[in-house]
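Novice: The following block contains the structure, expressed as structure tokens.
The values are calculated or read from the model by the stated rules, or taken from the named source; none is laboratory data. Please read all numbers here as calculations on a predicted model, not as lab measurements. Glycine gets a Cβ as well: all are built from the backbone with ideal geometry, and neighbour counts include every protein chain shown.
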DNA sequence: GACTTTAGACCGACCAGTCGGTCTGGAGGC
DNA sequence: GCCTCCAGACCGACTGGTCGGTCTAAAGTC
């Protein structure tokens, strides 16, 4: 923060660095204690910053939370898209997406906690946000399912409901892992889960 | 309660009645505004009672919430068991349970909201409670799946993971209904959902 | 020396929980 | 039958603490 002759650690300094430190600290604190359990003072302390600094960089507690969620979602969506782009065939894409999601959450527990748990049931503003995220992911899944139907890879079904069912399934498996630690590693559930999901739409596993 | 000359409307009066009124009001308020969004004063007002009365009947805000959740869970578990007992064959039982759960939540939106949404991410004490509920339901599903395997109705699979997957799926469909109102009525998703779930374990629909 | 960034004391709203007190109905004495 | 007394249900003003957000003064930066 203050004096600074270049040190080994590439000098986490400057405006952007502080902002980042606060963001990281917020991720940690929120994921550990939940939104309401986390005081702004906690975050500030964890970031070795001050309240003034916090409110200089972010307009409110709620907004930093949203900023966090958005950052995560964008990152998750992007890496998933990339993984999907590598694959040919709707079912292979679905499968690749599942892998990516699992790997991402597996590496970043706190992310997972924030996205899947901490944000729920906090009131209107939050619900709406989470809802639109769910809708967005569901729409993505649905579009690939629709493609699979068009391809003839699977019989026609209610792809929208199926999308939500799949999301719920994945969600629950990850939440269970967050709380109970099973399976360890999380990826251990991948094969079984993929088979369950694919069978639910009458597709044979494409591994 | 106390004396009782049989009346038509059992006179909403006396200690037990007040307790009940508070409990009902709490259900309503919690489901609408979430746990943290609900002040004890709100509940008291909705129940036409006083703060003193509230704390006479319940030790704390947290405890009334738990009391509520427990009441709901017990009721849900009981009616589900009953429905199950009527059926022969593991798969038929599963199907009956699904029906009951859907019907129950469909009739009692606020219950659903409390159980599936309001209680999440509120801190350790809450998480533990919710977790044990999830575990309990998952165990129930698992045991019936195991039975189905033993019966030879379905091929052997990881029944524990499957149980969680199913729970997550059901959960998500209901949550979607809570927030978006689709499908209306909720029961409209039953057939598709049942088929998805049963297919996921390679069982043919048993309607 | 102007402008940006940081520090942390401070403010005010909010709210769970408390406490002194009221009210009602019934038990028991007479 | 009437009066006294008590338990315990109920009331709501109040308190103590917490926490989101503000503000001023100073340090850092260019």
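Novice: Could you please let me know if residue B:40 is without any contact (Cβ under 8 Å) to a residue 60 or more places away in the chain, touching a helix residue (DSSP H, G or I) at 6+ places or on another chain (Cβ under 6 Å) and surrounded by fewer than 18 Cβ atoms within 10 Å (Cβ to Cβ)?
Specialist: yes
Novice: Let me ask something else. Look through the range B:156-166, keep the residues that are surrounded by fewer than 24 Cβ atoms within 10 Å (Cβ to Cβ) and at the interface with chain A (Cβ under 8 Å from one of its Cβ atoms), and return whichever of them is nearest to residue A:173 (Cα to Cα).
Specialist: B:161
Novice: Here is a follow-up. Evaluate the range A:200-207: report whether one residue or more is buried (at least 18 other Cβ atoms within 10 Å of the Cβ) and in contact with a helix residue (DSSP H, G or I) (Cβ under 6 Å, 6 or more places away or on another chain).
Specialist: Yes, because at least one residue in the range A:200-207 is buried (at least 18 other Cβ atoms within 10 Å of the Cβ) and in contact with a helix residue (DSSP H, G or I) (Cβ under 6 Å, 6 or more places away or on another chain).
Novice: Cβ-Cβ under 8 Å, sequence separation 6+ or interchain: first residue in the range A:51-62 and away from every other protein chain (no Cβ under 14 Å), partner near DNA strand D (Cβ under 7 Å from one of its atoms) and assigned to a helix (DSSP H, G or I). Which pairs?
Specialist: A:51/A:40; A:51/A:41; A:54/A:40
Novice: Next up: For residue A:14, are the conditions met, namely being within 16 Å of DNA strand C (Cβ to nearest atom), surrounded by 21 or more Cβ atoms within 10 Å (Cβ to Cβ) and at pLDDT below 90?
Specialist: In short, no.
Novice: Also, I was wondering about something else. Residues of the range A:182-193 being in a helix (DSSP H, G or I) and within 10 Å of chain B (Cβ to nearest Cβ), which ones?
Specialist: A:188, A:189, A:191, A:192, A:193
Novice: Being free of Cβ contacts under 8 Å to residues at least 40 places away in the same chain, outside any helix (DSSP H, G or I) and within 10 Å of DNA strand D (Cβ to nearest atom) is the requirement here; does residue B:48 meet it?
Specialist: Yes.
Novice: Related question: Run down A:54, A:65 and say which single residue is within 9 Å of DNA strand D (Cβ to nearest atom) and surrounded by 20 or more Cβ atoms within 10 Å (Cβ to Cβ).
Specialist: Of the residues listed, the single one that is within 9 Å of DNA strand D (Cβ to nearest atom) and surrounded by 20 or more Cβ atoms within 10 Å (Cβ to Cβ) is A:54.
Every residue, every condition in (1) touching a strand residue (DSSP E or B) at 6+ places or on another chain (Cβ under 7 Å); (2) at the interface with chain A (Cβ under 8 Å from one of its Cβ atoms); (3) modelled with pLDDT under 90, yes or no:
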residue: B:112; (1), (2), (3): no, no, no
residue: B:125; (1), (2), (3): no, no, yes
residue: B:134; (1), (2), (3): no, yes, no
residue: B:144; (1), (2), (3): no, no, no
residue: B:172; (1), (2), (3): no, yes, no
residue: B:180; (1), (2), (3): no, yes, no
residue: B:200; (1), (2), (3): no, yes, no
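Novice: Check residue A:118 against each of (1) buried (at least 18 other Cβ atoms within 10 Å of the Cβ); (2) without any contact (Cβ under 8 Å) to a residue 40 or more places away in the chain; (3) within 27 Å of residue B:34 (Cα to Cα) and name the one condition it does not meet.
Specialist: (2)
Novice: Oh, and also: Has the range A:93-102 got any residue that is within 14 Å of chain B (Cβ to nearest Cβ), free of Cβ contacts under 8 Å to residues at least 12 places away in the same chain, away from DNA strand C (no atom under 16 Å from the Cβ) and surrounded by 16 or more Cβ atoms within 10 Å (Cβ to Cβ)?
Specialist: Within the range A:93-102, none of the residues are within 14 Å of chain B (Cβ to nearest Cβ), free of Cβ contacts under 8 Å to residues at least 12 places away in the same chain, away from DNA strand C (no atom under 16 Å from the Cβ) and surrounded by 16 or more Cβ atoms within 10 Å (Cβ to Cβ).
Novice: Consider the range B:17-35. How many of its residues are within 14 Å of chain A (Cβ to nearest Cβ) and either more than 10 Å from DNA strand C (Cβ to nearest atom) or surrounded by fewer than 18 Cβ atoms within 10 Å (Cβ to Cβ) (or both)?
Specialist: The number of residues fulfilling the criteria is 6.
Novice: Mind checking whether some residue in the range B:67-75 is closer than 30 Å to residue B:139 by Cβ and in contact (Cβ under 8 Å) with a residue 60 or more places away in the chain?
Specialist: The answer is yes; a qualifying residue exists.
So that you can scan it fast, the table gives a plain yes or no per residue for (1) closer than 30 Å to residue B:154 by Cα; (2) modelled with pLDDT of 95 or more:
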{"site": "B:5", "(1), (2)": "no, no"}
{"site": "B:37", "(1), (2)": "no, no"}
{"site": "B:44", "(1), (2)": "no, yes"}
{"site": "B:55", "(1), (2)": "no, yes"}
{"site": "B:59", "(1), (2)": "no, yes"}
{"site": "B:72", "(1), (2)": "no, no"}
{"site": "B:93", "(1), (2)": "yes, no"}
{"site": "B:108", "(1), (2)": "no, no"}
